[in-house]
Amino acid sequence: MGDPLHLVRTPHFDAVFMLGAEDDEATVDNVDVIVTLRDGTRYSATFLTLGAIQRWMESEREEYGRIQFQCPDLVITRDAGVPAMMRVLETAHARDDLRFLLTRLEPSVLDDDEDD
């Protein structure tokens with residue numbers, strides 16, 4: 001596949017999708033993303049489709065019996081692929097909902113060093 005860090009730029013934010021070695025940006029159904037607004041505010045999300053959750057729940061039944069699934073920054077999408085996930089992000093931004101949909105990240109030590 002391609003670069004594991006797949007950057008998508010919009011006029012309002014950048015989104016970096018962290019693809020796995022076997023992931024294809026057109027079909028990925030389980031991926032982490034970091035969204036950075038133009039003011040530097042950063043958010044994270046884990047995008048999953050219902051199919052990805054179901055596959056996980058049906059695998060390795062011994063661990064917790066796979067009776068539950070928890071992910072603190074979970075966003076479930078109907079469709080797989082980076083383009084579908086970008087539609088979610090762009091729609092949330094247009095509605096001023098990114099701060100409700102995503103998990104805000106604290107500024108990093110590197111962010112503080114840039115001011116020096």
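The values are calculated or read from the model by the stated rules, or taken from the named source; none is laboratory data. Model, not experiment: these values are computed from the prediction. Backbone-built Cβ (ideal geometry, glycine too); neighbour counts: all protein chains shown.
Observations on the model:
- Among residues of the stretch 16-41 being in contact with a Ser or Thr (Cβ under 8 Å, 6 or more places away or on another chain) and surrounded by 19 or more Cβ atoms within 10 Å (Cβ to Cβ), the one that is farthest from Leu89 (Cα to Cα) is Asp29.
- Annotation: Ala80 fulfils all but one of (1) under 29 Å from Ser108 (Cα atoms); (2) surrounded by 13 or more Cβ atoms within 10 Å (Cβ to Cβ); (3) touching a Ser or Thr at 6+ places or on another chain (Cβ under 7 Å); the unmet one is (1).
- In the stretch 16-43, the residue that is farthest from Leu5 (Cα to Cα) out of those that are part of a strand (DSSP E or B) and among the hydroxyl-bearing types (Ser, Thr, Tyr) is Tyr43.
- Here Glu90 meets the list (1) modelled with pLDDT under 95; (2) closer than 30 Å to Ser108 by Cα almost entirely, failing just condition (1).
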